[in-house]
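So the structure is just underneath, and the comments pick up after that.
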């Protein structure tokens, strides 16, 4: 069986030519829920300039639940005596789902340092993080919805890794491509849609370029869209 956490260098090189907005346009055409967008994230750590290159890596997922509760959707699979950060799969983007409404963090500096040591490429927290200086010391792109001073143990418990996540309607399964664009945000490309996305992107971006050219010449947006986008 092939490893779901793989992507070819040719695919990576092709995707790096585009922005997260371009990717979402393609996913919208493919009727992917939420166009792959992970909403309401802030970029708290970014190597290099503020609007540096994108980072693309397969997803390694981590699901948290309220402390003291269980869920029926997926069995708990974190081995006894192990920490979820120690299970990080090298070369992946870590995507963490925290229960809604919690004020504590689920990713702190020690966890981020460990994930970096394990070979993580980026960290995406659909929830809260903490220890900002340590997060930045990793040199990884680190996204979160907000910060906290409170550790995970206050209200959250890691339940499972490598399980599908539903982040406000955007679905993330292990091995999906996480497209981290420091200028525009985070988009998740389903692994079975990568080839279709790559096929659509050149046509979509070329059409947008033609639309912009016409608008600059005084053409209405309606007419420019009709001329260049209607057949896509």
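The values are calculated or read from the model by the stated rules, or taken from the named source; none is laboratory data. Worth saying up front: this structure is predicted, and the values here are computed from it rather than measured. For neighbour counting, all protein chains shown are included, and Cβ atoms are generated from backbone atoms with ideal geometry for every residue, glycine included.
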Subset of the stretch 213-232 that is touching a helix residue (DSSP H, G or I) at 6+ places or on another chain (Cβ under 8 Å) and part of a helix (DSSP H, G or I) - its residue that is surrounded by the fewest Cβ atoms within 10 Å (Cβ to Cβ): 221
For residue 100: the one exception among (1) part of a loop (DSSP other than H, G, I, E, B); (2) touching a residue at least 60 places away in the same chain (Cβ under 8 Å); (3) more than 20 Å from residue 135 (Cα to Cα); (4) out of contact with any strand residue (DSSP E or B) (no Cβ under 6 Å at 6 or more places or on another chain): (2)
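Give 147, 140 a once-over and let me know the one that is touching a helix residue (DSSP H, G or I) at 6+ places or on another chain (Cβ under 8 Å), surrounded by fewer than 20 Cβ atoms within 10 Å (Cβ to Cβ) and farther than 22 Å from residue 69 by Cβ.
Values: 140 fails: surrounded by fewer than 20 Cβ atoms within 10 Å (Cβ to Cβ).
Every option except 147 fails the conditions.
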Filter result (in a helix (DSSP H, G or I) and touching a strand residue (DSSP E or B) at 6+ places or on another chain (Cβ under 7 Å)) within the stretch 103-134: 112, 115, 132
Pick from the stretch 163-182, criterion touching a helix residue (DSSP H, G or I) at 6+ places or on another chain (Cβ under 8 Å) and either modelled with pLDDT under 95 or part of a loop (DSSP other than H, G, I, E, B) (or both), ranking: nearest to residue 19 (Cα to Cα): 176
Test: residue in the stretch 45-64 that is in contact (Cβ under 8 Å) with a residue 60 or more places away in the chain, closer than 25 Å to residue 169 by Cα, outside any helix (DSSP H, G or I) and more than 19 Å from the chain's Cα centre (by Cα): no
Enumeration of residues in the stretch 183-212 that are surrounded by fewer than 19 Cβ atoms within 10 Å (Cβ to Cβ), farther than 15 Å from residue 17 by Cα and touching a strand residue (DSSP E or B) at 6+ places or on another chain (Cβ under 8 Å): 191
